[in-house]
Amino acid sequence: MEFYLYLALFSPLVGSLVAGLFGARPKTLLTGLFTSTLLFTALVSSTILLVHILDGGDIIHVELMTWMATGDLYIPFGFVVDQVSVVMMMVVTLVSTVVHIYSIGYMDHDKGFNRFFSYLSAFVFSMMILVMSDNFAGLFIGWEGVGLCSWLLIGFWYHKESATWAANEAFIMNRIADLAMLIGMFLIYWTTGSLQYDIAFAEFAHVDVETLTTIGIFLFIGAMGKSAQFPLHTWLADAMEGPTPVSALIHAATMVTAGVYLVVRANPLYDLIPDVGYFIASLGAFVAMFAASMALVNRDMKRIIAYSTLSQLGYMFVAAGLGAYWVALFHLMAHAFFKALLFLGAGNVMHAMDDELDPFKMGGLKKHMKWTWIMMTLASVALAGIYPLAGFFSKDLILEVAFVEHHYILYAVLLITAMMTAFYSFRLISLIFHGTERHKQHGFHPHETYTFVLIAMSPLAILALVAGFLFKGSYIEMVTTLLPATEYHIHSPIVFWIMTIGTQLLVGLSIAYAYRKYEHAKIDKKIEDNFFYKLLINQWYIPHFYEEYITKPYRELSMIAWKQVDLKIVDASVDGIANIFYKTGEATHNMQDGNLSTMLRWMVAGTAVLLILAVAFTTGYLMLLLAFIVGYLYVNRLRREYVR
Amino acid sequence: MMEITLSHYLILSTILFAIGLVGVLKRTNLLMLFFATEILLNAVNIGFAAISRYYGDLTGQMFAFFVIAIAASEVAVGLGLLIIWFKRSGDIDLTSMTSMKG
């Protein structure tokens, strides 16, 4: 089994390195095929490992080699395949295999074809390290690795200023959060003496609550950065500057869920500090609604889906914060499937529409892109949580968790958000695929994408359809051997049915409303002048706020540091020291007039000074003073002489 | 008749040293510079010999011999260089030797 572990881990790396060799060359189809094949190998290996774990096999724990061993600190390159990481491995390898094959079609005409595949595989490798590591240090390597690949891929079209800006924004925001994460890790090592999950978690039972709370908060700030939770959320929507397969893989299905994975992985920690957990859940619910509200009005197809991702991440954090770790992980998995599908569908639409992103310029595309229409609708239905698609089983479960745990406010927020989710998803579907063909006025000629791309997407469509009812049972059985096995059942069957059917009805109504309202894509001037509309379309003015109150003051501060501190203090003192030597040399180079007599005089003067000093120090300071006066007079006389 | 003590020798040595020093500093003729150097060295030699006699220790006189030997070799080399310089430039005035000007 170890062989499969290493195969799953290292085949993306090999693919990345090989594709990287051809990075500067023009497109070679081989790199795409090669990396996709290796990714498929990783997928097969992960499946074998999954089957092994599902059959109740032992957790596979290997140590590749020692990384750091100094004093009491011991950090190995250790990898573990247990019930949690195998789920993540499946999600990562499956979605990335699909995305790799999809990208062969999507990046067909791109100059950076080979480079793209190198980055993409490097991302998968980093993500695999992140989920498979058996200690926090290894997780952090993967964490930074995915951050780097995310930066590379958002800024993939680096000739576009907006893309490089977005890449830097994502990177910097993540750095802020990573600092907190590092502090959390240091604290863990400080209190438990180890960064290995099993040792550290076992030690936590003997640590006081204050310290645990601090650790929990710092780790969660790290998770907030990666998972783009408020107030570090702005980078995710801007990250849509990257190629669409990247958005599907990194900014929807895998990397942004790393924060949720961290909380799930650290469940023994968060179990001990329910207050922090409750904060996580509250923030999650807030972000769910907050992000959904921005998706309601946005006119950029990819941004709408990005906000939807943000919103669903909020759901996951609600579950994780309330201690329902397996529910969070389940939603993570289901969400990865249908959200990746949604993004890939959006990519098809973009290709058909020459990279047009405004859904108000589309309409009626279902005639031209039947399969994309079907798949995106399927994904949206799953996202909305309609029975029996994947979203129903995972998302409604989170609602139930909130209800059973008696957090009725969270429940209400999540319920409203579910309606909003249904609304904005079908607003998008309606605008793109239904109604009149508005794109004709703009001179577009939409066409369906390559067949192999559609076939590559089909596994995701099937999973979005069946992942819920097919896998839920065996998933729970497997994962709850590792995670707290709390059952979330509403005791009264009447309440249960009212809630389930009620939710379905509300969601269904939202869908119907969205269809009706946007079928003709009329832009209502009255709504657009509305205060709330302005608030939402400007993303609650938060990017504006950051610009005005953080970026600009920081720039001012930097200017002061540059002009006042650096130039006037640091540079000035360095230049000053250099100047002293320069001026001294300038003033004394006349001494070297080449005349032997002068040199001899200086020599005598020097000897005399030394002699007098020697005498003075043995006889008294009065003599010293005398010596100085005599010496000064003599030297002065010499100076006058050579100036003449 | 006054007895000649150690201090007389040392005073003589000092006076000679001072004369030599002034000569070294003031003379511009290279040959005279050599003379002045000789005076300096021999002033020191007087000191060595006198103190050696005073303490009844032969080390000082040994030292004086070494100084004489070194002075001789110095003059031999120095005069050789001086002659070459005179052949080239036609004078041995120090003020004209400024090729090392900084």
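Below is a table of values for the structure above.
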| read-out | value |
| --- | --- |
| Residues with amide H under 5 Å from that of A:I60, placed H, sequence gap 5 or more | A:V81 |
| Where labels lie 7 Å past Cα in the beta-carbon direction, separation of A:T211 and A:N590 in nm | 7.2 nm |
| Gap separating the Cα centres of the stretch B:25-63 and the stretch A:385-403, nearest whole Å | 111 Å |
| Inter-chain Cβ neighbour average for residues A:513-522, partner chain, 10 Å | 0 |
| Sites matching GluC sites (Glu not before Pro) across the stretch A:425-533 that sit in DSSP coil, with at most 10 neighbouring C-beta atoms within 10 Å | A:E487 |
| Contact order normalised by residue count of the stretch B:9-89, Cα under 8 Å, 6+ apart, percent | 27 percent |
| Using θ = phi - 60° and Karplus 6.51 cos²θ - 1.76 cosθ + 1.60, couplings along the stretch B:57-63 (whole Hz; Gly, Pro as x) | 10, 7, 4, x, 5, 4, 5 |
| In order through the stretch A:402-416: 3J(HN,Hα) via Karplus (6.51 cos²θ - 1.76 cosθ + 1.60), integer Hz, x for Gly, Pro | 4, 5, 5, 7, 6, 9, 5, 5, 4, 4, 4, 4, 5, 5, 4 |
| Within the protein assembly as shown, helix-based [θ] at 222 nm, where runs of 4 or more DSSP H residues each add -39,500 (n - 2.57), nearest 500 | -24500 deg cm²/dmol |
| For A:Y513, solvent-accessible area (1.4 Å; no DNA, RNA or ligand), Å² | 130 Å² |
| Residue-normalised accessible area of the protein assembly as shown, given per residue in Å² at a 1.4 Å probe | 47 Å² |
| Derived scalar couplings ³J(HN,Hα) [the stretch A:561-576; Karplus, 6.51 cos²θ - 1.76 cosθ + 1.60; whole Hz; x for Gly, Pro] | 4, 6, 6, 8, 7, 5, 6, 8, 10, 5, 4, 4, 5, 5, 4, x |
| Simple label model, 7 Å out from Cα along Cβ direction - A:T436 to A:K367, nm | 1.3 nm |
| Theoretical FRET efficiency, 1/(1+(r/R0)^6), r = Cβ-Cβ of A:A561 and B:F86, R0 60 Å, to 0.05 | 0.35 |
| Paramagnetic reach from A:M1 (point 7 Å along Cα→Cβ, amide N under 18 Å) across the stretch A:57-72 | A:57-64 |
| Shielding score for A:589-596, defined as the mean number of other chain Cβ atoms within 10 Å | 5 |
| Solvent accessible area, Å² - A:H406, 1.4 Å probe, full protein context | 130 Å² |
| Relative packing of A:115-124, A:69-78, A:23-32, A:357-366, which averages over residues the other C-beta atoms within 10 Å, highest first | A:115-124, A:357-366, A:23-32, A:69-78 |
| Cα centroid of the stretch A:479-543 to Cα centroid of the stretch A:176-243, whole Å | 30 Å |
| Positive dipole terminus of the stretch B:9-89, leading residue within B:A49, B:T59, B:I84 (C-beta point charges) | B:I84 |
| Shielding of B:90-97 by partner chains, average beta-carbon count, 10 Å | 2 |
| Net charge over other residues, Cβ less than 11 angstrom from the Cβ of A:A223 (K, R count +1; D, E count -1) | +1 |
| The stretch A:255-301 versus the stretch A:93-134: alpha-carbon centroid distance in Å | 26 Å |
| Under 18 Å from the A:D108 label point (7 Å along Cα→beta-carbon), backbone N, the stretch A:358-384 | A:368-373 |
| Sequence-distant residues sharing a close amide H with A:W67 (under 5 Å, placed H) | A:I75, A:F77 |
| Segment B:I15-B:D93, length gained on full extension (0.36 nm per residue, minus Cα span) | 25.4 nm |
| Point-to-point label distance, B:F65-A:R175, nm (Cα→Cβ direction, 7 Å offset) | 7.9 nm |
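The values are calculated or read from the model by the stated rules, or taken from the named source; none is laboratory data. Computed from a prediction, not measured in an experiment: that's the story for all the values here. Quick reminder, even Gly has a Cβ in these numbers, built from the backbone with ideal geometry, and neighbours come from all protein chains shown. Note: accessible area is taken over every heavy atom of the protein model, side chains too, but ligands, DNA and RNA are not part of it. Shrake-Rupley method; radii C 1.70, N 1.55, O 1.52, S 1.80 Å.
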